[in-house]
Structure formats: C-alpha cells, structure tokens
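Quick note: the coordinates plus some simple rules give every number you see, no bench work behind them. Note that the structure is a prediction, hence the values are computed from the model and not measured. Quick reminder, even Gly has a Cβ in these numbers, built from the backbone with ideal geometry, and neighbours come from all protein chains shown.
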Amino acid sequence: METIFTEKHRLRDAKSELFGGQLVQPHERPSRAEYVIKRVREANLGLVSDPDDFGLDPILAIHKPDFVEFLQTAWERWQEAGFQGEAMPTTWVGRRMSDKRPSFIEGQVGYYALAGETSISGGTWEAAYASAQVALTGADRINNGARSVFSLCRPPGHHATADMFGGYCFLNNAAISAQHYLDTGGKRVAILDVDFHHGNGTQDIFYNRDDVLFVSLHGDPLETFPYHLGHADETGGGAGAGFNVNYPMPPNTPFEVWRSALAKGLDRIADYAPDVLIVSLGVDTFENDPISFFKLKSDDFTTMGADIARAGLSTQFIMEGGYDVEEIGVNAVNVLQGFIA
Ligand code: SP5
Ligand code: ZN
C-alpha cells in the first residue's frame with residue numbers, strides 16, 4: 001500500500017493545549033506522524049510519496065470561505081493585536097446569544113471554535129493545507145485504480161466542520177476527500193470513522209445528504225469529547241435520513257464488543273454499496289492512549305484491518321487521532337497490514 005506523506009506537518013507545532021485547567025504540550029504533536037512514518041518504512045508497507053497540490057478549490061467545496069480566510073490570517077491578526085500566547089477562544093456563541101460575527105480577532109476565534117483546547121499557532125494554516133493535499137492525493141490514487149492508499153494526514157480533520165475548528169482539527173480531510181470523489185465521477189462514498197472520538201465535523205457536514213454515508217464507532221459523548229454530538233439517535237436529516245450511523249460505547253469497551261459494532265457498521269456500508277470507502281483512522285482506541293477509554297490491544301488493530309478488507313471496497317485510510325506513545329505507529333500500520341494480508 002502506498003503512503004502519502006509530507007514533512008510540512010511539522011509546521012503545526014503548537015506550544016499549548018488547554019487540558020485540565022493547565023496549558024500543556026499538545027497531545028497532537030509532530031512526533032505522532034514521525035512514529036507512524038517510521039513504522040511504515042520499517043514494515044516495508046510500500047512506496048512513500050509526497051502529495052500533489054490540488055489548490056484551494058476542493059477545500060472550499062467543503063469549508064466556508066470566511067472560515068478559510070480566518071484560518072489563513074488568524075495567527076498574524078492575533079499577533080498584531082499584541083497577544084503573547086497562541087490564539088485560543090475565551091468566548092462562545094452560548095445558547096440564545098447572537099450569531100453575528102465579531103470583527104476583532106479575539107471574538108472571531110471564539111466564533112469559529114467548537115472546542116477550547118486547540119490553539120492556533122504560526123504555521124497551523126500551512127500544515128492544515130498540506131494535510132488536506134495529502135488526503136486529496138490519496139483520493140487521486142484511488143481514482144487512478146489503486147485498491148487502497150494511506151493518507152498520513154497531520155493535523156487530523158474529523159472534528160472540523162464547514163466553519164469551525166477544534167479537537168486538534170482545522171480542515172476536515174476525510175470530508176474534503178469524499179467531496180473530491182463525488183466531484184470526479186463518484187456517486188456514493190462511505191466514511192467509516194474508527195477514531196476513539198465521534199467525528200462530529202464529518203457528521204455535521206454530510207448530515208442532510210444521501211451521497212455520503214457516515215458510520216462512526218466512538219466513546220459515548222455523554223462521557224467524553226466532543227460531548228455535544230455522536231448519540232445513537234442522530235440518524236441523518238432530510239434527504240440524509242438514515243445515512244448517519246453512530247455506535248457510542250462506554251468506558252473500558254474491549255475489542256470483542258467494539259468489533260461487533262464494526263460488523264454492524266460494515267453491513268450497513270455493504271447495503272449502501274459505495275464506490276469508495278474512506279476510513280477515518282484514529283488509533284486512540286488503544287488501551288494505553290492517554291486521553292481515551294477503550295481497551296484495544298496492538299494485535300486487535302490487525303484484525304480490524306482484515307475485517308475492513310473483507311468489505312471488498314476501494315479503501316482510502318486517512319490518519320486521525322492516536323496519542324503519546326510509540327505504539328501509534330505499530331497500531332496504525334497493523335490496521336494497514338491486516339487490510340492487505
Ligand atoms: C483527532 C482527535 O482525536 N481529537 C481529539 C481531541 C480531544 N481533545 C480533548 C481532550 C480532553 C481529554 N480529557 C481526558 C480525560 C482523561 N481522563
Ligand atoms: Zn480521537
């Protein structure tokens with residue numbers, strides 16, 4: 001399997017994450033991608049290629065222009081305002097408040113944030129743009145006949161909505177890729193999100209549409225991030241009714257339970273008969289992940305990959321979460337090796 005990767009991910013190297021009331025080194029840090037690419041090479045998974053540049057248009061096919069312009073200029077404007085730290089939200093559009101967009105950067109950061117832990121630092125836009133190109137290049141490989149491809153995206157994307165950032169995400173790489181398939185002749189795309197956290201951004205982007213089926217397995221949002229979306233009764237709206245499927249699971253869920261939810265999700269995907277399957281591949285379901293509560297072991301990730309392969313679909317893996325430990329490389333590559341075995 002070919003891997004698409006760029007060193008430009010290093011441009012996202014924030015100093016601060018708001019965690020338990022303290023500013024700590026972000027869990028979403030450059031070493032994550034380094035662990036994964038190191039393991040890709042060690043395991044001889046296949047070619048590692050740089051992304052091509054598809055420009056801004058496929059990003060603007062998902063994200064609102066004012067949001068994209070905000071991401072492009074936020075860091076510069078934050079510094080011009082004289083702030084000393086990284087750009088972080090301090091206000092939100094709380095219930096019954098106005099949706100009018102503030103003009104001052106401080107208010108705009110709150111307006112465009114869906115979570116408070118994620119800062120905007122110098123280089124964030126450049127890295128997020130490059131990450132989206134890694135996703136688009138993977139889609140292009142599938143369009144050119146590859147059975148599978150690994151887009152080693154960083155920063156991740158599945159929490160980002162059309163006009164909000166947060167959860168370590170800025171541009172929704174999986175959504176941008178899905179839309180690219182549809183804009184290049186695809187009729188139906190399925191997205192299987194196996195990251196520990198609910199893919200609230202991806203769900204929100206496609207919620208009212210029937211040309212993208214979204215299936216997510218995740219920690220129950222009553223118990224964990226992103227807290228405010230991802231319940232089982234969110235099944236899609238309008239034309240999209242029935243095309244959003246959530247499997248929230250409780251703390252300490254072991255692989256056997258997780259795997260039976262995967263089997264149900266894969267059945268739903270088989271019924272949908274998509275042209276292509278995108279896997280939002282987070283490995284924060286690992287038992288030792290520092291911010292998560294599932295109990296998957298390294299070998300389970302190999303089984304996961306084999307289960308996904310049995311769907312028989314052209315499959316693009318897009319990297320999402322997975323934190324702190326060197327095993328994120330082993331676990332991510334185990335999924336890919338299980339898939340091709
Ligand atoms: C892409 C992705 O995986 N984003 C996850 C963002 C989660 N950010 C909030 C983390 C809050 C963690 N609280 C942990 C409690 C541990 N007991
Ligand atoms: Zn996650």
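Of note:
- Tally, over the range 4-25, of residues that are out of contact with any helix residue (DSSP H, G or I) (no Cβ under 8 Å at 6 or more places or on another chain) and of a type in the set (A, V, I, L, M): 3
- Evaluation of SER119 against (1) in contact (Cβ under 8 Å) with a residue 60 or more places away in the chain; (2) within 30 Å of TYR181 (Cα to Cα); (3) in contact with a Pro (Cβ under 9 Å, 6 or more places away or on another chain) (one fails), failing number: (2)
- Pair list, Cβ under 7 Å, 6 or more apart: the range 283-297 residue under 14 Å from PRO250 (Cα atoms), other residue more than 14 Å from ligand 1 (Cβ to nearest atom) and among the basic types (Lys, Arg): GLU287/LYS295; GLU287/LYS297
- Residues within the range 206-225 that are of a type in the set (Asp, Glu) and either within 16 Å of the chain's Cα centre (by Cα) or within 11 Å of ligand 2 (Cβ to nearest atom) (or both), tallied: 0
- Exactly one residue out of GLY265, GLY186, GLY201, GLY242 is touching a residue at least 40 places away in the same chain (Cβ under 8 Å), small (Gly, Ala, Ser), out of contact with any Phe, Trp or Tyr (no Cβ under 6 Å at 6 or more places or on another chain) and in a loop (DSSP other than H, G, I, E, B): that is GLY186.
- Entry remark, the range 6-54: residues being among the aromatic types (Phe, Trp, Tyr) and either closer than 29 Å to ASP183 by Cβ or touching a strand residue (DSSP E or B) at 6+ places or on another chain (Cβ under 6 Å) (or both) number 1 in total.
- Of residues in the range 183-205 being more than 17 Å from LEU114 (Cα to Cα) and crowded, with 24+ Cβ neighbours inside 10 Å, the one farthest from ligand 2 (Cβ to nearest atom): VAL189
- Test: PHE317 is surrounded by 23 or more Cβ atoms within 10 Å (Cβ to Cβ), among the aromatic types (Phe, Trp, Tyr) and part of a loop (DSSP other than H, G, I, E, B): no
- Pick from the range 286-299, criterion more than 14 Å from ligand 1 (Cβ to nearest atom) and either small (Gly, Ala, Ser) or part of a helix (DSSP H, G or I) (or both), ranking: farthest from GLU326 (Cα to Cα): ASP299
- Options VAL283, VAL335; residue that is within 16 Å of ligand 1 (Cβ to nearest atom), within 22 Å of SER177 (Cβ to Cβ) and outside any loop (DSSP other than H, G, I, E, B): VAL335
- Of the residues making up the range 141-169, those that are in a loop (DSSP other than H, G, I, E, B), on the phi < 0 side of the Ramachandran plot and either within 11 Å of ligand 1 (Cβ to nearest atom) or charged (D, E, K, R) (or both) number 10.
- Answer from GLU2, GLU34 - the residue that is surrounded by fewer than 21 Cβ atoms within 10 Å (Cβ to Cβ), out of contact with any Gly (no Cβ under 8 Å at 6 or more places or on another chain) and more than 30 Å from SER103 (Cα to Cα): GLU34
- The range 102-120, residues that are within 12 Å of ALA74 (Cα to Cα) and in contact with an Asp or Glu (Cβ under 6 Å, 6 or more places away or on another chain): SER119
- Residue list for the range 173-183, filter: of a type outside the set (Val, Ile, Thr) and either in contact with a Leu (Cβ under 7 Å, 6 or more places away or on another chain) or touching a residue at least 40 places away in the same chain (Cβ under 8 Å) (or both): ASN173, ALA174, ALA175, SER177, ALA178, GLN179, HIS180, TYR181, ASP183
- Looking across the range 116-140, just one residue is within 16 Å of ligand 2 (Cβ to nearest atom) and either of a type in the set (Gly, Ala, Ser) or on the phi > 0 side of the Ramachandran plot (or both), and that is SER131.
- Selection from the range 288-303 of residues that are among the charged types (D, E, K, R) and away from ligand 2 (no atom under 16 Å from the Cβ): LYS297, ASP299, ASP300
- Once the range 244-261 is narrowed to residues that are away from ligand 2 (no atom under 16 Å from the Cβ) and within 19 Å of the chain's Cα centre (by Cα), the residue that is nearest to ASP300 (Cα to Cα) is VAL245.
- Within the range 206-228, residues that are free of Cβ contacts under 8 Å to residues at least 12 places away in the same chain and closer than 18 Å to ALA178 by Cβ have Cβ atoms under 7 Å from residues that are more than 10 Å from ligand 1 (Cβ to nearest atom) and not aliphatic (A, V, I, L, M) in no pair, counting only partners at least 6 apart in sequence or on another chain.
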